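Chemist: Below is one structure. I have some questions about it.
The values are calculated or read from the model by the stated rules, or taken from the named source; none is laboratory data. Everything numeric here is computed off the predicted structure, so don't read it as measured data. Using ideal geometry, Cβ is built from the backbone for each residue, glycine included, and neighbour counts are taken over all protein chains shown. Areas reflect the complete protein model, heavy atoms only, side chains present, ligands, DNA and RNA absent. Shrake-Rupley method; radii C 1.70, N 1.55, O 1.52, S 1.80 Å.
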Amino acid sequence: MATKTTKKEAPKAEAAEAEKPAAKGKKVAAPKSGDKPNALQKPLQPSPELGAIVGTKPIPRGEVVSKVWEYIRSNSLQNPENKREILADEKLKKVFGKDKATMFEMNKYLAQHLK
């Protein structure tokens, strides 16, 4: 026996379906000139150790992560057997404080070198 939907349930289901396609294609708007930047857009000053890799001028956190990944890839510092592991060279040892770090730990160490 098929279940009937009540009149109260039908509009809710239709409204939920109508909202899904609109939300799926929605893009995040760029901040306006007067808006306060969010945490990823706010320029931060890198420490001297991190500055040796990304530069000494204040830059947003997202760009710091991108530049560190650029450095890691250009110097072949990913473990070939485990791509999630970063094998630190002399510059990265100063930032990480150890010889190896996972890509998940990297942001924790980078945060300690950004003000």
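Chemist: Quantify, in whole percent, the carbon and sulfur part of the accessible surface of segment 34-115 (1.4 Å probe; protein heavy atoms only). Don't jump to the answer; show the numbers that get you there.
Modeler: Numbers: 2740 of 5270 Å².
Ligands and nucleic acids excluded, carbon and sulfur reach 52 percent.
Chemist: If I stretch the segment between E49 and L87 completely, what's the gain in nm (0.36 nm per residue apart, minus their alpha carbon distance), one decimal?
Modeler: Values: separation 38, 0.36 × 38 = 13.68 nm, distance 1.67 nm.
Between E49 and L87, full extension yields 12.0 nm more.
Chemist: Residues with amide H under 5 Å of A88's amide H, sequence separation 5 or more or different chain, H placed in the peptide plane at 1.01 Å from N; which?
Modeler: Residues meeting the amide H criterion: K100, A101.
Chemist: In nm, to one decimal, how far is the K42 label point from the E63 one, both placed 7 Å along Cα→Cβ?
Modeler: 1.7
Chemist: Which entries in K93/K115; K36/K83; K36/K57; K36/K100 show an alpha-carbon gap greater than 29 Å? Don't skip to the answer; put the middle values down first.
Modeler: Numbers: K93/K115 19 Å; K36/K83 36 Å; K36/K57 20 Å; K36/K100 36 Å.
Check vs 29 Å cut-off fails for K36/K83; K36/K100.
Chemist: Moving on to the next point. Return, for the Cα atoms of segment 43-114, the radius of gyration and Dmax in Å, separated by a comma.
Modeler: Taking only Cα atoms of segment 43-114, I get Rg and Dmax of 11.2, 35 Å.
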